[in-house]
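To start, the structure under review is shown below, and the notes come after it.
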Amino acid sequence: WKNGVEQPHLTDGEKSAIAYSIFVYNYNVYICGREYNGSNYVAKWWKNGVEQPALTDGSNNARATSIFVYKGDVYVCGIDGNYAKWWINGEAQPNLPGGTVAHSIFVYNGDIYICGYGNNGLAYVAKWWKNGVEQPALTVGSNNAEAHSIFVYNNVVNICGYESNGTKDVAKWWKNGVEQPALTDGTND
């Protein structure tokens, strides 16, 4: 939708599809998501409504969850099978560790920031990466937690997501990896 007006469909509606993220750069609209191929979901992206070459081959369930454009280069993150993935201009970059999911990508001064979560065998752990290198985890992994969005400004990395208190999900914010006061009191999800 643009200013509340529906735009031409990205897919033909014959298969299940979801658009997860949008970014506008130099009057061009970039969108990423997924579409079912009959067996699995394929990570995809579109520029100005035109489908670009698929990010994944459809051999695993995959999705593209976030898209960002920096100096004309298109950065996308998501998941392919059991691996958090990221792509630059449609080219796959080295896998992030297995058992991880990437939710959001941001580029600042040429550095690539991604956030998401991983599984430590007991719970989901909120995580982030800089230029593909895992940074110290945002949570200790005793309760489920996920990082959902990342934004960098003046070299300050801001991440938001949630962490369970054992019964409810509590909205959280981290600044340069340090937890800030909880956004909610934990009495409700």
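With the alpha-carbon atoms of the range 88-189 aligned to their principal axes, the span from lowest to highest coordinate is 43, 32, 21 Å, starting with the largest. Around the Cα centre of the range 79-161, unit charges on the Cβ atoms of Lys, Arg, Asp and Glu (plus for the first two, minus for the last two) sum to a dipole of about 100 debye. Residues whose amide H comes within less than 5 Å of that of VAL170, counting only those at least five positions distant or on another chain, are GLU163, SER164, ASN165 (H built at 1.01 Å from N in the peptide plane). Largest GNM mean-square fluctuation across THR11, THR65, THR167, computed for the chain with C-alpha springs under 10 Å, falls on THR167.
Peptides 93-104, 178-189 ranked from most to least packed give 93-104, 178-189, packing being the mean of other C-beta atoms within 10 angstrom over each peptide's residues. If you take all other residues with their beta carbon under 12 Å from the beta carbon of SER21, and give Lys and Arg +1 and Asp and Glu -1, the sum is +3.
For the residues ASN61, ASN119, ASN109, a GNM of the chain with alpha-carbon springs under 10 Å puts the largest fluctuation on ASN109. Shown for the chain: the carbon plus sulfur share of the solvent-accessible area, taken with all protein chains present and a 1.4 angstrom probe, equals 48%.
Along the charge dipole of the chain, Cβ charges K/R +1 and D/E -1, which of ALA62, GLY177, ALA92 sits furthest on the positive end? Farthest towards the positive end: GLY177.
Annotation: amide H-H contacts under 5 Å for GLY141 (H modelled 1.01 Å from N, sequence separation of 5 or more, or interchain): none. For the chain, a Gaussian network of Cα nodes joined below 10 Å ranks VAL133, VAL69, VAL125 by mean-square fluctuation, and the top entry is VAL133.
Using the alpha carbons alone, the radius of gyration of the range 116-170 stands to its Kirkwood radius in an Rg to Rh ratio of 1.00.
Net length available on complete extension from ASN119 to VAL24 is 30.9 nm, with 0.36 nm assigned per residue and the Cα-Cα distance removed. Restricting the range 14-112 to GluC sites (Glu not before Pro) that sit in a DSSP loop and have at most 12 other Cβ atoms within 10 Å of their own Cβ leaves GLU14.
All distinct Cα pairs of the range 1-62 go into the 1/r average, and the inverse of that average, the Kirkwood radius, is 12.2 Å. Between GLU179 and SER149, the FRET efficiency estimated from the beta carbon spacing at R0 = 22 angstrom works out to 0.90.
Remark: the range 31-189 carries 46 Å² of accessible area per residue (probe radius 1.4 Å; ligands, DNA and RNA excluded). Couplings 3J(HN,Hα) for the range 178-184, derived from phi with the Karplus relation 6.51 cos²θ - 1.76 cosθ + 1.60 (θ = phi - 60°), are 9, 5, 9, x, 4, 7, 10 Hz, where x marks Gly and Pro. Distance between the modelled labels on LYS130 and THR11, one decimal in nanometres: 3.6 nm (7 Å Cα→Cβ projection). Among the chymotrypsin sites (Phe, Trp or Tyr not before Pro) in the range 1-103, those placed in a DSSP loop whose Cβ has at most 13 other Cβ atoms within 10 Å are TRP1, TYR27.
The values are calculated or read from the model by the stated rules, or taken from the named source; none is laboratory data. Worth saying up front: this structure is predicted, and the values here are computed from it rather than measured. Positions of Cβ are backbone-derived with ideal geometry, glycine not excepted, and every protein chain shown enters the neighbour counts. Please note that ligands, DNA and RNA were not included when accessible areas were found on the heavy atoms of the full protein model with its side chains. Shrake-Rupley method; radii C 1.70, N 1.55, O 1.52, S 1.80 Å.
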